[in-house]
Amino acid sequence: MRYLFFTNTPAHVHLYKHAVQTLQDRGHEVLVLARDYTCTIELLEWYDLPYEVYGYCDTSKSSLLSRLPIHYVRAIRHARRLDPDLVFGMGGYAAHTGAVLRAPTVLLIDSEPASFDHSISTPFAHAILTPETFRKELGENHYVFSGFKECAYLHPEVYEPNPSIRDRLDLDDDEPYAILRLNAFGSQHDVGKNGITSGQCRRLIDRLSDEATILVSDEGDDVDLEGLPARPFDLHPALMHDALAEATLLVADTQTMVTEAALLGTPAIRSNSFVGESDMGNFLELEDEGLIHNVARFDDVLDLSTTLLRDESVDETWQRRRNVYLADKVNLTEVIVDAAIAHGDVGTLEAIHQFDSPRRSESKPQIGVGSD
């Protein structure tokens, strides 16, 4: 069979990389259609995946909107050459391309706030997969799985730690370090949202530099680190998960890396304008499980990050919580491959079930530092 995968961001490459490789190994023809956005192409090259680029955009919202028409033209042109039996993706590009080619499309969605994208993509989908924590119904073809999209590459059955990562980072074996991850807020679902400012970043670095080495990953390249006691994360982006797995702490205003930290057992603080009463279900559940902290006030970020870095029991506590939490979560790569072999008829798969109600974790006390 012939399969088409859309990777519009670096996170999409990680989501589908193992499934693409598995389907290729089984003799199927696979093509990845990629948007040249931040390090997406670098990752495709690193993992040696078969890809074509359908377009470019930078981290500004205007860049994406102005290029949409030509993106669609090129995506459909590349897709026609493959003539896929099934299309995988996370939004409009995949759904509309599948509709034009009359190929069924499986959408994998994990962000409730992306309402506009849902409205233009889900009506064209053969099947929609979301985590069980997803609290918004997306129609009769909506199915759920136990876990998150990051379980496709960070599930214990899939991810293997890199023992050389500290050497690559030029860090001692016992040297604590924190990663500060800053989002560019350039996606469609980021409209009107914001995170940690440049000034707040400087304050955070000044506060934490006495406790740990600070590595900064700045998607928008907006923060000038000159004169600050911090250094950029300057390894290949494919090594970020290895660095995250060894880190003492992640502080971020982005979404994906916070979930990744939780699945790796690394304490994470998430602070952006998504945080609040109407936050996404996955972050609410991860906080209930004591794996992340969602913090709205920046002064609270400063205090909590210092507390976590000074707590010598944090590593053991978070690894224990992580192992318990992942015990019943699916290896999502297996689910994607099974969905591909089933030609998108995901209702036949044992690992998923149809969405039935907006599920929210039972209300329970949030777990604080050292409370278990």
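Can you tell me how region 1-146 classifies by the Cα gyration tensor, rounded, prolate or oblate, using a/c under 1.5 as the rounded cut? Please list the in-between numbers first.
Numbers: a/c = 1.33, a/b = 1.11, b/c = 1.20.
Rounded.
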Exercise. In a shell of Cβ-Cβ distance under 12 Å around M240, excluding M240 itself, what net charge do Lys and Arg (+1) and Asp and Glu (-1) give?
Worked result: -4
Seminar exercise, completed: Placing each pseudo-label 7 Å from Cα in the direction of the beta carbon, Y56 and D311 end up separated by a distance in nanometres of 4.5 nm
Problem set entry | Cα gyration tensor shape for region 263-330, rounded if a/c is under 1.5, else prolate or oblate | oblate
Exercise. Residue by residue, what Karplus-based ³J(HN,Hα) values in Hz, rounded to whole numbers, does region 249-262 have, using 6.51, -1.76 and 1.60 with θ = phi - 60° and x for Gly and Pro?
Worked result: 7, 10, 10, 8, 10, 9, 9, 4, 5, 5, 4, 4, 4, 4
Problem set entry | Spatially proximal aspartates and glutamates relative to K149 (Cα-Cα < 14 Å; intrachain offsets below 8 disregarded) | D110, E112, E132, E260, E334
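As a test of the formula, what do you get for the chain when each DSSP H run with n ≥ 4 contributes -39,500 (n - 2.57) and the sum is divided by the residue count, at 222 nm and rounded to the nearest 500 deg cm²/dmol? Please report the intermediate quantities before stating the final value.
Values: 14 runs with 141 residues, N = 372.
When only DSSP H runs of four or more count, the value is -11000 deg cm²/dmol.
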Exercise. Of G199, G220, G276, which has the largest mean-square fluctuation in a 10 Å C-alpha GNM of the chain?
Worked result: G199
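Assuming a ≥ b ≥ c are the square roots of the Cα gyration tensor eigenvalues, decide whether region 165-325 counts as rounded (a/c under 1.5), prolate (otherwise, with a/b larger than b/c) or oblate. Could you put the intermediate results ahead of the total?
Values: a/c = 1.41, a/b = 1.06, b/c = 1.33.
Rounded shape, in that the Cα axes give a/c under 1.5.
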Exercise. Looking at region 263-321, which trypsin sites (Lys or Arg not before Pro) are DSSP coil and have at most 14 other C-beta atoms within 10 Å of their C-beta?
Worked result: R297
For this session: Determine the distance separating the Cα centre of region 90-114 from the Cα centre of region 8-58; give it in Å without decimals.
Result: 16 Å
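Taking region 201-281, which GluC sites (Glu not before Pro) meet the DSSP loop condition and have no more than 11 other C-beta atoms within 10 Å?
On the way: sites: E211, E219, E226, E246, E260, E277; in loops: E211, E219, E226, E277.
Those that pass, being in a loop and sparsely packed, are E226, E277.
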Exercise. Working out 0.36 nm times the residue gap between R231 and D174, then minus their Cα-Cα distance, what length gain in nm do you get to one decimal?
Worked result: 18.7 nm
Problem set entry | Cβ crowding within 10 Å averaged over residues, with 250-257, 326-333, 165-172, 27-34 ranked highest first | 250-257, 27-34, 326-333, 165-172
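Take every DSSP beta bridge whose two residues both sit in the chain, then give the antiparallel share in percent to the nearest 5.
Around 5 percent of the beta bridges assigned by DSSP in the chain are antiparallel ones.
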For this session: Please compute the net charge surrounding A94, taking Lys and Arg as +1 and Asp and Glu as -1 over other residues with Cβ under 13 Å from its Cβ.
Result: 0
Exercise. Expressed as a whole number of Å, what is the distance separating the alpha-carbon centroids of region 271-349 and region 146-181?
Worked result: 15 Å
Exercise. Just going by the charge dipole of the chain, with Lys and Arg at +1 and Asp and Glu at -1 on Cβ, which of Q319, P163, L349 is farthest out on the positive end?
Worked result: L349
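Throughout, read-outs are computed from the coordinates displayed, never taken from laboratory work. Just so it is clear, the model here is predicted, and its values are computed rather than measured. Heads up, the Cβs are rebuilt from the backbone with ideal geometry, glycines too, and the neighbour counts pull from every protein chain shown.
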